[in-house]
Amino acid sequence: MYKTTLVIHGGAGTLIKSEMSAEKEVAYLAALKVALEEGNMILSNGGTALDAVEMAVKSMEDSPLFNAGKGSVFTANGTHEMDASIMSGKDRMAGAVCGITGVKNPVSLSRLVMEKSEHVLLAGVGAEEFGKEMNVDFEPASYFDEEWRRKQWLSVRGTDQVALDHNLNPDRKFGTVGAVALDKDGNLAAATSTGGMTNKKYGRVGDSPIIGAGTYANNSTCAVSCTGSGEFFLRGVVAYEVSALMEFKGLSLAEACSEVIQKRILEIGGDGGLIAVDQKGNLSMEFNTAGMYRGFVKEGEEINLAIYK
Ligand code: ASP
């Protein structure tokens, strides 16, 4: 029997403490806590890491505060295009969706891609069609139309500027959500979900739905979910890089996460962070930005939450 562990993030970025009202901080911490409680309920009832990460991510997708699901940012065309992925460390099965519109819980659709299709990654209308066949919940555009997101978008609309959620003034919010877990059987899983970057064009897709970049899980090394400047995380193959450093160089989870986030990704200009867990229940919440919404809970212990360094 393994001691269960669940770690979540709600995005990393340049969030500045002085710009965060006490009210907002309370709201974010409360939403993180709910996601941890919902995911941990599954683990403490003997459920799987896969179910726990899906549940925790779903909970954050349903909150308007995070850049995923309901709170997704606007694209250049004023729509919402979401990306998500999930991976099981036991058998290295994976599923992902990108550029999808209208799906209430992209993480659950990525799970269905993994379990009910012979594919790993489905994009755009094809993914939506698959979702309809699978009877997933769809929501009208108005569901995703959050006023503060619209304001963020209007501030850069018509320009070539794309903005990472957390780099937008004056809100400096950050978004993308993710979860990693270890269950009582020693299985690891990871999931990530995002609305991407505000004002993104041309069907831009970041690291979040790309297995090995934004998400990775392998029982013999670790489970990882990333957040940050997607283009750099793609080039850095960040999630797999952490696993590879453990597998081939014998680094510990903490050493591997620090090497990738504090050195390798910075060297190519990337900013952001990740959460990771291994089979021993070691966990990492590494970031090179001012903060990362994050939290974790271990079997029989209190929930831990944090935003800043
Ligand atoms: N990594 C995400 C993307 O590039 C954004 C984020 O983590 O905030 O789509």
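Every number here is computed from the coordinates shown, using simple stated rules; none is lab data. Treat the numbers as computed from the prediction; the structure is a model and nothing was measured. Counting neighbours? That spans all protein chains shown, and the Cβs are built from the backbone with ideal geometry, glycine included.
When only the Cβ of Lys, Arg, Asp and Glu is charged (+1, +1, -1, -1), the dipole of the chain relative to its Cα centre reaches about 500 debye. Given +1 at the Cβ of Lys and Arg, -1 at the Cβ of Asp and Glu and no other charges, the dipole of the range 62-201 around its Cα centre is 380 debye to the nearest 20.
The orientation-averaged shadow of the Cα convex hull for the range 1-129, equal to a quarter of the hull surface, comes to 9.5 nm². Would you mind estimating how fast the chain diffuses translationally, via Stokes-Einstein at 4 °C and 1.567 mPa s with the Kirkwood radius over Cα pairs, in µm²/s? Reported coefficient: 70 µm²/s. Using the beta-carbon distance between Lys3 and Arg157 and R0 = 41 Å, what value does 1/(1 + (r/R0)^6) give for FRET efficiency, to the nearest 0.05? Working from the Cβ atoms, E equals 0.25. Pairs of C-alpha atoms in the range 58-98 farther apart than 11 Å represent 68 percent of all such pairs.
Please compute the modelled spin-label separation between Lys132 and Arg150, points set 7 Å along Cα→Cβ, answer in nm with one decimal. With each label placed 7 Å out from Cα toward Cβ, I get 2.7 nm. Working from Cα pairs under 8 Å separated by at least six residues, relative contact order for the range 184-248 is 32 percent. Ordering 266-275, 191-200 by mean Cβ neighbour count within 10 Å, with the highest value first, yields 191-200, 266-275. Taking all Cα pairs closer than 8 Å and separated by 6 or more residues, the relative contact order of the range 244-309 comes to 23 percent. Exposure proxy ranking for Phe296, Phe144, based on other Cβ atoms within 10 angstrom of each Cβ and starting from the fewest, stands as Phe144, Phe296.
Centre-to-centre, using Cα atoms only, the range 111-156 and the range 5-39 are separated by 23 Å. In percent, rounded to a whole number, the relative contact order of the chain is 26, using alpha-carbon pairs under 8 Å and six or more apart.
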